[in-house]
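J.: Below is the structure I would like to discuss, written out as structure tokens.
The values are calculated or read from the model by the stated rules, or taken from the named source; none is laboratory data. Please read all numbers here as calculations on a predicted model, not as lab measurements. Note that we place each Cβ from the backbone using ideal geometry, even for glycine, and neighbour counts take in every protein chain shown.
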Amino acid sequence: MKFQVNRDVLAEAVAFAARMLQSKPTSQVLSGMRLVADANSLQISVFDHDVSAQTDVVANVDQSGTALVSGRLLNEIIGRLPNQPVTFVIDGTKAVLTCGTSKFELATLPIEQYPTLPPIPPVNGTIDGDAFISAIRRVSVASAKDSTRPFQKGIQLRATDTSVTFTAADPNRIARCQVQWLGKNVPDETSAVVLTKTMQDIEKTFSNLGEVSISIAPDGGMVAFQAKNRIVTTVVLNIENYPDIDQYFPTNLEESVVINKQDLIDATRRVELVVNESEDTIRYAFEEGAVNLDSTSSENNASETVQATLNGNPTSLRFKPWLFHDGLSQITSEFVKIEFTKNQRDPSRPGPIIMSSQTSKDAASPDTYRYLLNPNMLKR
């Protein structure tokens, strides 16, 4: 096996594949990166039985072959090489890499023990790349980092012939975003839940690649994402009954408030300076013409007032400021609309709020992002 390849092209491809490697692989072989040189192409791939990544680059191949080397080490080496052609040669059990005056001899791993890349299911549809990246970034704020409930560790993709809805949730909130796409004979109720970290890795490596194709295996056990010459496959989280999220987003809410988003963010940031993050909350008193913020901790107090347009009855709710800010940070318009729901078990009690974008004080936004947040009921 012998090939030569442009250093920058190789560095970008190796970095993409290396991001999908497990931080703590179950075996040394699964820490490897597979290189396949054939004709004028070099295929680079990783696979740990759960997540795979593969890409190919143009290379001058003098001798075809396959090799397996440490993925993280190769990524670190390529990232520090000078901007000169990289030559890669297999010499016995060593992979010899040269670039300018640099030379590395790397131990190869047993390629015969490496798993075969999974087949790619038929494509279900294509989605605008920027919209895909944005949806992942915006809903992932609501995904739980530590939870015993599997569905809270992932992002659900629910597809129809015309759209894909991305949803994430934790015990306090739900974020969802619907994106239009060109579906191809999508079966009814096609959905999958993918680990949030995997989706975030895809988001970081698929930027600026154009359209993204999504394939959900007919048995629902795997999802594949493709953009240009990059492919990522992942097993899905085994969730038999994903919660019915639609019930938490009623469409006929009558009470709401519209506020300048940046003014509300700035006020929240100032008041939260005196808040103990693990215990205290900020009270938001939504009144005609204004929302009043105040915090009472064991030692310090703070208050703020922000202009607002209220439609409905005055109401006061308490929220953890960082949870409140997470939702505001994903609103893309000048104004935010906050809708008030009723507690489903006891309509006399307040329910979650729903944040969405508002083009102006009077005009709704076409943005489909919604952020639902439960009020903190421990303090009145």
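J.: Could you identify the single residue in V57, V36, V69, V86 that is under 28 Å from the mean Cα position of the chain (by Cα) and of a type in the set (A, V, I, L, M)? First the steps, then the outcome.
T.: Details: V36 fails: under 28 Å from the mean Cα position of the chain (by Cα); V69 fails: under 28 Å from the mean Cα position of the chain (by Cα); V86 fails: under 28 Å from the mean Cα position of the chain (by Cα).
Sole residue among the options that is under 28 Å from the mean Cα position of the chain (by Cα) and of a type in the set (A, V, I, L, M): V57.
J.: Whether any residue in segment 39-50 is more than 13 Å from V14 (Cβ to Cβ), aromatic (F, W, Y) and in contact (Cβ under 8 Å) with a residue 24 or more places away in the chain is what I want to check.
T.: Looking for residues that are more than 13 Å from V14 (Cβ to Cβ), aromatic (F, W, Y) and in contact (Cβ under 8 Å) with a residue 24 or more places away in the chain, one finds at least one in segment 39-50, hence yes.
J.: Sticking with this one: Working only within segment 337-380, note down all residues that are in a strand (DSSP E or B), closer than 22 Å to A169 by Cα and in contact (Cβ under 8 Å) with a residue 60 or more places away in the chain.
T.: Matches in segment 337-380: K337, I338, E339, F340, T341, P352, I354, R370, Y371, L372, L373.
J.: Residues in segment 295-327 that are farther than 19 Å from E255 by Cβ and not in a strand (DSSP E or B): how many?
T.: 10
J.: Here is a list: V57, V69. Which entry is part of a strand (DSSP E or B) and either more than 26 Å from M222 (Cα to Cα) or touching a Lys or Arg at 6+ places or on another chain (Cβ under 6 Å) (or both)?
T.: After ruling out the rest, the residue left standing is V69.
J.: Go through segment 114-150 and report how many residues are in a helix (DSSP H, G or I), closer than 28 Å to P25 by Cβ and more than 12 Å from the chain's Cα centre (by Cα).
T.: Qualifying residue count, segment 114-150: 1.
J.: Search segment 290-303 for residues that are over 19 Å from T315 (Cβ atoms) and assigned by TED's automatic domain parsing to the domain that holds E277 and pair each with any residue that is in a strand (DSSP E or B) and at pLDDT below 90 when their beta-carbon atoms are under 6 Å apart and the residues are at least 6 apart or on different chains.
T.: As it stands, the answer is A302/S295, since those pairs meet every condition given.
J.: In a helix (DSSP H, G or I) and touching a residue at least 24 places away in the same chain (Cβ under 8 Å) - does that describe any residue in segment 153-165?
T.: Looking for residues that are in a helix (DSSP H, G or I) and touching a residue at least 24 places away in the same chain (Cβ under 8 Å), one finds at least one in segment 153-165, hence yes.
So that you can scan it fast, the table gives a plain yes or no per residue for (1) surrounded by fewer than 22 Cβ atoms within 10 Å (Cβ to Cβ); (2) outside the structural domain of S52 (by TED's automatic domain parsing); (3) under 24 Å from S52 (Cα atoms):
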position: G100; (1), (2), (3): yes, no, no
position: T108; (1), (2), (3): yes, no, yes
position: S134; (1), (2), (3): yes, yes, yes
position: T148; (1), (2), (3): yes, yes, no
position: A168; (1), (2), (3): no, yes, yes
position: P171; (1), (2), (3): yes, yes, no
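J.: Sort out which residues of segment 273-294 are in a strand (DSSP E or B) and under 34 Å from the mean Cα position of the chain (by Cα), and write them in order of number.
T.: I282, R283, Y284, A285, F286, V291, N292, L293, D294
J.: Would you mind stating whether E76 is free of Cβ contacts under 8 Å to residues at least 40 places away in the same chain, of a type in the set (D, E, K, R), outside the structural domain of M199 (by TED's automatic domain parsing) and assigned to a strand (DSSP E or B)?
T.: Taking the combined requirement at face value, the residue does not satisfy it.
J.: Here's something else I'd like to know. Among the residues of segment 275-305, how many are at pLDDT below 90 and of a type in the set (A, V, I, L, M)?
T.: 1
J.: Shifting gears a bit: Select from segment 91-113 the residues that are of a type in the set (S, T, N, Q) and assigned to a strand (DSSP E or B) and write down the one among them that is farthest from V5 (Cα to Cα).
T.: Among those residues, the one meeting the criterion is T108.
J.: Continuing with this model, one more query. With the condition being over 28 Å from L323 (Cβ atoms) and either at pLDDT 95 or above or assigned by TED's automatic domain parsing to the domain that holds A168 (or both), I'd like the strands (runs of 3 or more DSSP E) fully within segment 183-272 carrying at least 3 qualifying residues.
T.: Correct list: 212-216, 222-227, 230-235.
J.: Please verify whether A285 is of a type in the set (A, V, I, L, M, F, W, C), without any contact (Cβ under 8 Å) to a residue 24 or more places away in the chain and surrounded by fewer than 17 Cβ atoms within 10 Å (Cβ to Cβ), treating the condition exactly as stated.
T.: So A285 does not fit the description; no.
J.: From (1) out of contact with any Lys or Arg (no Cβ under 6 Å at 6 or more places or on another chain); (2) under 17 Å from A142 (Cβ atoms); (3) surrounded by 14 or more Cβ atoms within 10 Å (Cβ to Cβ), pick out the condition that doesn't hold for W322.
T.: The number of the failed condition is (3).
J.: Shifting gears a bit: Can you list residue pairs whose Cβ atoms sit under 9 Å apart, with the first residue in segment 56-72 being within 15 Å of Q28 (Cα to Cα) and the second being in a strand (DSSP E or B) and β-branched (V, I, T)? Count only pairs 6 or more apart in sequence or on different chains.
T.: Partner pairs satisfying both residue conditions: A67/V36; A67/I90; A67/T108; L68/T108; V69/T108; G71/V46.
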